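Have a look at the structure below before the remarks.
The values are calculated or read from the model by the stated rules, or taken from the named source; none is laboratory data. In this text, all values refer to a predicted model and were calculated from it rather than measured experimentally. Backbone-built Cβ (ideal geometry, glycine too); neighbour counts: all protein chains shown. Protein only, heavy atoms only, side chains kept; ligands, DNA and RNA dropped before computing areas. Shrake-Rupley method; radii C 1.70, N 1.55, O 1.52, S 1.80 Å.
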Amino acid sequence: MENSAWSVDGFLDQCRQSGDSAYTAFRSLLEKLEDPTTRAPARVFLSDLQKLFASGEASEQCLSTFHFRIQDIFLDQYEGYCGRKKLTMMVIPSIFIPEDWSFTFYEGLNRHPDSIFKDKTVAELGCGNGWISIAIAEKWSPLKVYGLDINPRAVKISWINLYLNALDDNGQPIYDGENKTLLDRVEFHESDLLAYCRDRGIELERIVGCIPQILNPNPDAMSKMITENASEEFLYSLSNYCALQGFVEDQFGLGLIARAVEEGIAVIKPMGIMIFNMGGRPGQGVCKRLFERRGFRVTRLWQTKVIQAADTDISALVEIEKNSPHRFEFFMGLAGDQPICARTAWAYGKAGGRISHALSVYSCQLRQPNQVKTIFEFLKNGFHEISSSLDLFFEDDSVADEKIPFLAYLASVLKGNSFFPYEPPAGSKRFRNLIAGFMRTYHHVPVNADNVVIFPSRAVAIENALRLFSPRLAIVDENLTRHLPRQWLTSLKIESAETDNPSEDVLTVIEAPRQSDLMIELIKKLKPQVVVTGIAHFEAVTSSAFEHLLNITGKIGSRLFLDISDHFELSSLPSSNGVLKYLSGTPLPSHAAVICGLVKNQVYSDLEVAFVISEEEAIFKALSKTVELLEGNTALISQYYYGCLFRELLAFQLADRHPPAERVSENEKPAEMIGFASSALSVLDNAELSITESENSSVIHMDVDKSFLPFPSSVKASIFESFSRQNMAESETDITTSIRQFIKSNYGFPTSSGTEFIYADCSLALFNKLVLCCIQEGGTLCFPAGSNGNHVSSAKFLKANIVNIPTNSEFGFKLSEKTLAGVFESVNNPWLYISGPTINPTGLVYSNGEMENILSICAKFGAKVVLDTSFSGLEYDFEGCGGWDLEGILVRLYSSSKPSFCVSLLGGLSLKMLTGGLTCGFLVLNQPLLIDAFYSFPGLSKPHSTVKYTVKKLLGLREQKAGGLLDAVAEHKRILCSRAKCLKQTLESCGWEVLESHAGVSMVAKPSAYLNKVIKLKHPSKDGGSTDTTTAYEIKINDSNIREAILRATGLGINSASWTGIPGYCRFTFALEDSEFGQALDCIIKFKDLFSN
């Protein structure tokens, strides 16, 4: 290479022209440093340049004249330092020049022990001229340091500085004790924060950053193309990240650091550490909270004060203080120790005073790294807008240990599923398995999922059990009677009395003290048919009190439900529990069951689920059906929450290496006991309830009132946000105003100050309380033929006096005024249940005019109307029907009707708000007497605050006509319309007569081609498989047994005519997941082919 190429004077002449020319000259020099054949002379050339400007004054002059500077940074500032005494560094005007910020940062890094970076993979964000990355490599010998900067010129200068320090003045490599050079340990790359590492799958053990704060965000600052040929001013502002970052911390100038932290979570290894330099202007609390709310434990390593640059305008901070209660922190000079606000600092600075602010170095480590990573992985996939509500900071570690794993689990569920799957009414199989697993692992009680039934709460479990047996007399622990119906606790009918009217059977509950000797004395004297009790704390450690209760109830023939809620601990070190100790060695007798309410979580005192354990199959099945009849389902989200707790307690345990101990059965058989109530038995035997799936078979459910269509991202976001928030205000979970607006805009339903709004996990539970009100006042509950079969069965179970109102195909099985009037003339005190605007099960729609005519008849006869809108909201083909406007109708009717006339609005938001398995039922009552009657039946499972938060959020989006949610509703309607046509076409081609549907998720059809034909079916196998090939049986098809025939032959679950109440017509629901809908159509065709063959 010619000597002219290495002319110092020529090089300086080029640099003198401009900063851009100086950069071009150094870029050419870097190319020579990168080439091993020219590397040594290029490094010597840099030494010659530095010697020309060796003094501090000459160095400053070089920067102003030649647009670069090479200077030494001394590292041996403290006693005992054994490494290199100094680093040689070059800077140019378009990148940050090392200043107090970076020196303080390095001091903070020095506070860590020497092992902090040794053999670790490190990234430095915003590396500038690279001096900190090089210093880390020089002092701590990491495996690799990635110096990252968004400014392409900074990266090139960093490489030059690396060669300056990796080679000596003669251009020879400098080797460390491990025979490596800095070139082996350090790389520099152009990267927007951690993009380089993220895109290449590089996992980091340490992330460090001396990142600027943005005091005056400029939204346009990042809009230009980033190239190394851009202007010096743009590249310098780019290094300063002048743009808003889209984080709540932007308001404090910390948005960039917030983004860096969240990007860091994705690439840092589980035990990794992040170290950041932060100016204390926003206040130390705000700075720490940035990390803590993202799940970090934070240590402040080092703090000093630096003078605020005179040219920095802090007026933006003054504006923030003016419009919010927040106060920034400045100091008067370096010596001041009392903080002053931005406004005072601004005035002091204007008057010529010097203001300073704190500069702190924070070290942060994720407290539950894998779970936090899962949470942020979910948030970055389309849910960034809710990250500002995330709060993973908890004073109490036990709260963090519960909440963070659940949020991670919820994130994985919402990310991995587009809908909540079908779960049987007995409870999620996974949840029941986890409870059984906990019992086996921690208490050595060998139960399985088929011994466990899930209820919404302990109170609901107790009431449902009592209704199942309907005893003449029950003794209930006085601590457990608060939620039982008032008349049970006030009745004095403790003598046996026969009655002709089963609905007049009065269940009498006697309250008893919890102490076992007193309870046993009462049991002996009163001989109750059912006993529900807990165990006193002083008796809970041993099993003797439990054994005495088992013995006395067995002798007398009483059913025993024992509550262990107060003594059941969700802990890896549960204390001794006498009941469970007994059950580990002895099976639970057939007359006894154990009830346990789960409320002892660390986070939500009002989040409850209960389970009942029975080793008697008949009891398990009956209790499962009572959940379905009286509650619908236990809230899925509550099962997920407690399921996560059980999973955490089981996750670290090895599979049980020892077979369970043989349990010894008690020889003594209990006396004859009360069986299920006759009304309950009739319903349990005859009602078409959900199909119980065996382990090895799966049923396609066209027999459940749920949507399995994908729920939109706004629903997922609202669900996740409801749990990620802390300290929600009561107003954020009060949904009454939103529901009031919802029913007004959708149905024109009138409300006043006296209107009562009542909420439950699902609308079925509210309906059942209304049935009890009807029974209490001696009413007759009238169902149109073609009503929801579950509601009719529930009313029968509760012993309501029921009348069916005939409907006919000519009117699409809608109510006709003439028939309704005829029925009302023959019944006393009529109550009418009517589903609308969408009718379940037919999928037809009542128009406003039709509803006016029906309500007019009801007003004339003084009927109470239960208007069920739960199945409405997805009307896809109802031209001419229009919407409802009930206000004008009801105002007119109330003024001229009998006083007993009233309309109660029942509703649910699952279909309307596209929330899938997340349910929330509401009931709107306007009549004071009915409100009082309703509250005499208190055992209602209320939706949790997180559900109400979600509902309120979604109702707000709907009211604002938010595009995402409305588009999703329109898409669901389009899918349902298409499905309805497709299903109709398939059914008709297979010999069914179809009633065309216009709304909702179901339609009805008549199996005309199959009636009275004979089909041979295989018995279900005993081992849980789908069928038993050794035996078969024949059935003659009618409109009731066709359900069984289709299920056995194809695995498709539908509802028969005995469910729909319409002679001949079966019900199909079609809001299935895509592939399941296709399989369902195949099953319908397969059933036809069985007859063809």
Open item on the list: Please compute the modelled spin-label separation between V8 and S752, points set 7 Å along Cα→Cβ, answer in nm with one decimal.
Closed with: 9.9 nm
Open item on the list: Checking the a/c ratio against 1.5 first, then a/b against b/c, what shape does the Cα gyration tensor give for region 865-939?
Closed with: oblate
- [ ] Determine Rg/Rh for region 898-988; Rg is computed over alpha-carbon atoms and Rh is the Kirkwood hydrodynamic estimate from the same atoms.
- [x] 1.11
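Can you bin region 948-1093 into rounded, prolate or oblate? Criterion: square roots of the alpha carbon gyration tensor eigenvalues sorted a ≥ b ≥ c, rounded for a/c under 1.5, prolate for a/b above b/c, oblate for the rest.
It comes out prolate by the Cα gyration axes.
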Task: Positive minus negative residues near I1046 (Lys, Arg vs Asp, Glu; Cβ under 11 Å) - done: +2
Open item on the list: What is the percent carbon and sulfur in the accessible area of the chain, measuring with a 1.4 Å probe over the protein chains and ignoring ligands?
Closed with: 49 percent
- [ ] Order the following by accessible area, largest value first: D566, D685. Probe radius 1.4 Å; ligands, DNA and RNA are ignored.
- [x] D685, D566
TODO: Sort region 401-451 into rounded, prolate or oblate with this rule: let a ≥ b ≥ c be the square roots of the eigenvalues of the Cα gyration tensor; rounded if a/c is under 1.5, and if a/c is not under 1.5, prolate when a/b is larger than b/c, oblate otherwise.
DONE: oblate
Open item on the list: As a quick test, which of the pairs K415/K1088; K429/K948; K716/K984; K814/K1088 have an alpha carbon distance above 28 angstrom in this structure?
Closed with: K415/K1088; K716/K984; K814/K1088
TODO: Could I get the Rg over Rh figure for region 785-841? Both from C-alpha atoms, Rh via Kirkwood, rounded to two places.
DONE: 0.95
Task: Cα-Cα P(r), the chain, percent of pairs per 10 Å interval - done: 2, 9, 15, 17, 15, 12, 10, 9, 6, 3, 1, 0, 0
Open item on the list: Counting heavy atoms of the protein chains only and a 1.4 Å probe, report the per residue accessible area for the chain as a whole number of Å².
Closed with: 41 Å²
- [ ] Would you mind calculating the relative contact order of the chain from Cα pairs under 8 angstrom and at least 6 residues apart, reporting the percent as a whole number?
- [x] 8 percent
Task: Extension gain, A195 back to K818 (0.36 nm per residue minus Cα-Cα distance, nm) - done: 217.0 nm
TODO: Using a 10 Å cut-off on Cβ atoms, rank the peptides 8-21, 592-605 from the highest mean neighbour count down.
DONE: 592-605, 8-21
- [ ] Whenever you get a sec, line up R69, R725 from highest to lowest accessible area (probe 1.4 Å, protein heavy atoms).
- [x] R725, R69
- [ ] Compute log10 of I(q)/I(0) for region 375-427 with the Debye formula, placing one identical point scatterer on every Cα and leaving out solvent, at q = 0.12, 0.32 Å⁻¹, to two decimals.
- [x] -0.37, -1.23
Open item on the list: Once you place label points 7 Å from the Cα toward the Cβ at E178 and R27, how far apart are they in nm?
Closed with: 3.4 nm
Open item on the list: Given points 7 Å out from each Cα along the Cα-Cβ axis, report the E810 to V603 separation in nanometres with one decimal.
Closed with: 5.9 nm
Task: the chain: angle of helix 369-380 to the longest principal axis, Cα-based, in degrees nearest 10 - done: 80 degrees
Open item on the list: Between H483 and Q515, how high is the FRET efficiency from 1/(1 + (r/R0)^6) when r is the Cβ-Cβ distance and R₀ = 22 Å? Nearest 0.05.
Closed with: 0.50
